[in-house]
Amino acid sequence: PKTMTTPFFPAYPWDKSSLKSMPVDLQQFEKLDAYALKVNVKNSVEELVKALLKQARTDLEKVRAIWMWICHHIEYDVVGYHNKSQLSSKPRDVLQMGKSICEGYAELFEHMCSLAGVQCKKLSGHAKGHGYKTGQTFTGDSDHAWNAVYLEGRWHLLDSTWGSGSVDDSFTKFTYRYNEFYFLTHPALFINNHFPDNSNWQLLKPTLTLKEFENNMLHNSNFYTLGLLAVHPETPIIQTVNGKASVSVDCRPGTLFKFKLKGTDEHGLMTLKKHGMKLDIYPQKTGSHKLEIFAKPSKAEAPDDVYKCVVEYVVECESVDEAVRFPRDLCQPVGPSWFSERQGFLRPSHCEPVLHTNDGRCSLTFTLGKDISVLTSLHTDGSSLTEDMGRRHVLQTRRRNQVELKVHLPHAGSFVLKIYSKKKSDPGNYDYIFNYLIRCLNKEVKWPAFPQSYSKWLQDYEILEPLSGRLPANHNVRFKLKMHGVAKVLVQAENTHPLTHNKGYWEGTCNTSGCREVFVMVHENANHSFYSHVLKYEVETQ
């Protein structure tokens, strides 16, 4: 074979433009791929190669046909892996058995290429594959094998073992799952999880040391195929500082993320950015925790667009920040983002995920897209807020295409404000869109709920006073309400008090003595004697 003086690849940093080491048009391979999959020759390697080459002209096509056939016809031998002495990796035996371990895949590939007249080498080295633990070191003999092929004047890398599928966690079951990524992978990406015994075969300048390989972040193939660009920090083991660790991912626009810290997402705060995401983690126990980050494209093209793990860290926590406990009802990501904007919530008054309020009150506004109805609810840990009361601590007011959400907290603590929407024209249910975390440390805070409203209270009606759903006993209470399209408004306490209409507002006072509840009622039509309830207030007991 040609010596290793063949031209190397561009200097180490990957230019992010291509995942492969030469231009490959997968659509042009469609016919050839389909043909190679159907070839069913098991009696000899020579016959198999002869059959595959019927549709392959160029060296690239020959390699492709061999690659496709192996990836779909040889399965990983999980039993043999545990009992290597019984195992032959001779190409003839691998073909007859239809299964092997990496050694057999690589030898079969090399042999088939040489029969096809293409130069190919079997390479061995260390791989961050099955059983790899984040941050581990590699010692002793190599543990994996793959190939290099010589095409169009230079060497290229591929791994048919990893191209064919995957083994489950317990290493007892192999599943065919074709992975295009490992065919002619760009060397700057291949080095991420393959370290050859002979560093020339990294096909990189400068080459990496084993130490650098061990310390580098492992990005699996999903990371690149989903178009992710970078993660920070670049080291797989993160120490918390004052109980907190931060991670961020850069990617092309429109990617959705999830995370799990020791299998749950409750000890973090993730925000979605246009070009990625940011995550702050607050482990609630000391020690080492596995942190997994998942991603998927938001415009699901294929039905199998589920969240896929793209990167793993180990978070080492020395001290716990107990002040940062997140409510159970908090959903990730937190705060507004391009996703909530796409759902019609534009120009949020608060872009940050966390709102701090000292007096227990806050107000958020959005411009809404066309035809959107909004529903909100407030949640906190413990039993202080029932579902019904959780709705009544948020008051929604519509002014044309603007919506204002006034929040009055019942007590100090951490609360989740959840925001749902649906198209007004849709009869169906509301969909959850996003949420905020609201924090209040002031122990004096104790706001009553807003008054209860009924279906005849329209979205663009407005309460100016009284905002509190609990009225003092034996008091004259001023009412000022903004309502349109009604003929009369009455406040029903022990007696009935009509409100007067003045420039779109209905105003007046009512005395709360001798009653437990106060209702606001409207006459929609002056000729009818029928009243509808629109609001209900409670009166404090003596």
Identify the single condition in (1) surrounded by fewer than 16 Cβ atoms within 10 Å (Cβ to Cβ); (2) touching a residue at least 60 places away in the same chain (Cβ under 8 Å); (3) over 28 Å from Gly287 (Cα atoms) that Leu228 does not satisfy, given that it satisfies every other one. (1)
I'd like to check something: does segment 320-332 contain any residue that is small (Gly, Ala, Ser) and closer than 23 Å to Lys262 by Cα? yes
Tell me, yes or no, whether segment 175-183 has at least one residue that is among the hydrophobic types (A, V, I, L, M, F, W, C), outside any helix (DSSP H, G or I) and either crowded, with 20+ Cβ neighbours inside 10 Å or under 26 Å from the mean Cα position of the chain (by Cα) (or both). yes
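Looking only at segment 515-534, count how many residues are of a type in the set (Gly, Ala, Ser) and over 21 Å from Gln452 (Cβ atoms). It would help to see each step written out before you state the result.
The initial filter retains those residues of segment 515-534 that are of a type in the set (Gly, Ala, Ser), namely 526, 529, 532.
If we keep only those that are over 21 Å from Gln452 (Cβ atoms) as well, we get 526, 529.
Residues in segment 515-534 being of a type in the set (Gly, Ala, Ser) and over 21 Å from Gln452 (Cβ atoms): 2 in total.
State all residues of segment 418-441 that are of a type in the set (S, T, N, Q) and either outside any strand (DSSP E or B) or under 18 Å from the mean Cα position of the chain (by Cα) (or both); if no residue qualifies, say none.
Here is the first cut: in segment 418-441, the ones of a type in the set (S, T, N, Q) are 421, 425, 429, 435.
Ser425, Asn429, Asn435, listed by residue number.
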For segment 319-341, give me each residue that is within 14 Å of Lys273 (Cβ to Cβ) and open to solvent by 70 Å² or more (accessible area, probe 1.4 Å). Glu341
The strands (runs of 3 or more DSSP E) lying wholly within segment 236-327 that contain at least 1 residues that are of a type in the set (Phe, Trp, Tyr) are 255-261, 287-297, 308-317
Within segment 28-48, is there a residue that is more than 28 Å from Gly227 (Cβ to Cβ), over 41 Å from the mean Cα position of the chain (by Cα), open to solvent by less than 20 Å² (accessible area, probe 1.4 Å) and free of Cβ contacts under 8 Å to residues at least 24 places away in the same chain? no
Segment 385-396, subset within 13 Å of Gly469 (Cβ to Cβ) and not β-branched (Val, Ile, Thr), residue surrounded by the fewest Cβ atoms within 10 Å (Cβ to Cβ): Asp388
By residue number, the members of segment 196-225 that are more than 29 Å from Thr255 (Cβ to Cβ) and touching a residue at least 60 places away in the same chain (Cβ under 8 Å) are Pro196, Asp197, Asn198, Asn200, Trp201, Leu203, Lys205, Pro206, Leu210
Quick check: is even one residue across segment 192-199 among the small types (Gly, Ala, Ser), over 16 Å from Gly135 (Cβ atoms) and open to solvent by 20 Å² or more (accessible area, probe 1.4 Å)? yes
Scan segment 247-261 for residues that are without any contact (Cβ under 8 Å) to a residue 60 or more places away in the chain and closer than 11 Å to Tyr313 by Cα and report the count. 2
Anything in segment 397-412 that is in contact with a strand residue (DSSP E or B) (Cβ under 7 Å, 6 or more places away or on another chain) and surrounded by fewer than 19 Cβ atoms within 10 Å (Cβ to Cβ)? List them, or say none. Thr397, Asn401, Gln402, Glu404, Lys406, Ala412
Where the second residue is open to solvent by 80 Å² or more (accessible area, probe 1.4 Å) and the first is closer than 15 Å to Tyr420 by Cα and lies in segment 376-394, which pairs have Cβ atoms under 7 Å and are six or more apart or on separate chains? Ser377/Arg391
Quick check on segment 58-76: of everything there that is crowded, with 22+ Cβ neighbours inside 10 Å and without any contact (Cβ under 8 Å) to a residue 60 or more places away in the chain, which residue is farthest from Ser164 (Cα to Cα)? Lys62
Segment 120-140, residues that are open to solvent by 50 Å² or more (accessible area, probe 1.4 Å) and either more than 33 Å from the chain's Cα centre (by Cα) or of a type in the set (Asp, Glu) (or both): Lys121, Lys122, Thr139, Gly140
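Sort out which residues of segment 270-321 are among the basic types (Lys, Arg) and without any contact (Cβ under 8 Å) to a residue 60 or more places away in the chain, and write them in order of number.
Answer for segment 270-321, where residues must be among the basic types (Lys, Arg) and without any contact (Cβ under 8 Å) to a residue 60 or more places away in the chain: Lys278, Lys285, Lys299.
Which ones in segment 261-271 are open to solvent by less than 10 Å² (accessible area, probe 1.4 Å) and within 13 Å of Val334 (Cβ to Cβ)? Explain how you work it out, then say what you get.
First pass over segment 261-271, keeping only residues open to solvent by less than 10 Å² (accessible area, probe 1.4 Å): 261, 268, 270.
Result: Gly268, Met270.
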Test Val489 against the criterion of being outside the structural domain of Ala526 (by the TED database) and either within 29 Å of Leu378 (Cα to Cα) or touching a strand residue (DSSP E or B) at 6+ places or on another chain (Cβ under 9 Å) (or both), and give yes or no. no
Give me the strands (runs of 3 or more DSSP E) completely within segment 443-542, filtered to those with at least 1 residues that are hydrophobic (A, V, I, L, M, F, W, C) and surrounded by 16 or more Cβ atoms within 10 Å (Cβ to Cβ), ordered by residue number. 462-465, 476-482, 488-492, 505-511, 517-523, 531-539
List the number of the failed condition for Ser88; all other conditions in (1) open to solvent by 20 Å² or more (accessible area, probe 1.4 Å); (2) touching a His at 6+ places or on another chain (Cβ under 7 Å) hold. (2)
If Leu378 meets every condition in (1) of a type outside the set (Asp, Glu); (2) buried (at least 18 other Cβ atoms within 10 Å of the Cβ); (3) touching a Ser or Thr at 6+ places or on another chain (Cβ under 8 Å) apart from one, which number is that one? (3)
Open to solvent by less than 40 Å² (accessible area, probe 1.4 Å) and in contact with a Lys or Arg (Cβ under 7 Å, 6 or more places away or on another chain) - does that describe any residue in segment 342-350? no
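Provide a single number: the residues in segment 246-260 that are within 17 Å of Pro353 (Cβ to Cβ) and open to solvent by less than 20 Å² (accessible area, probe 1.4 Å). Reasoning before the result, please.
First pass over segment 246-260, keeping only residues within 17 Å of Pro353 (Cβ to Cβ): 246-249, 256-259.
From what's left, open to solvent by less than 20 Å² (accessible area, probe 1.4 Å): 247, 249, 257, 259.
The total comes to 4.
The values are calculated or read from the model by the stated rules, or taken from the named source; none is laboratory data. Note that the structure is a prediction, hence the values are computed from the model and not measured. So basically every Cβ, Gly included, is an ideal-geometry build from the backbone, and we count neighbours across all protein chains shown. Heads up: the accessible areas ignore ligands, DNA and RNA and are worked out on the full protein's heavy atoms, side chains in. Shrake-Rupley method; radii C 1.70, N 1.55, O 1.52, S 1.80 Å.
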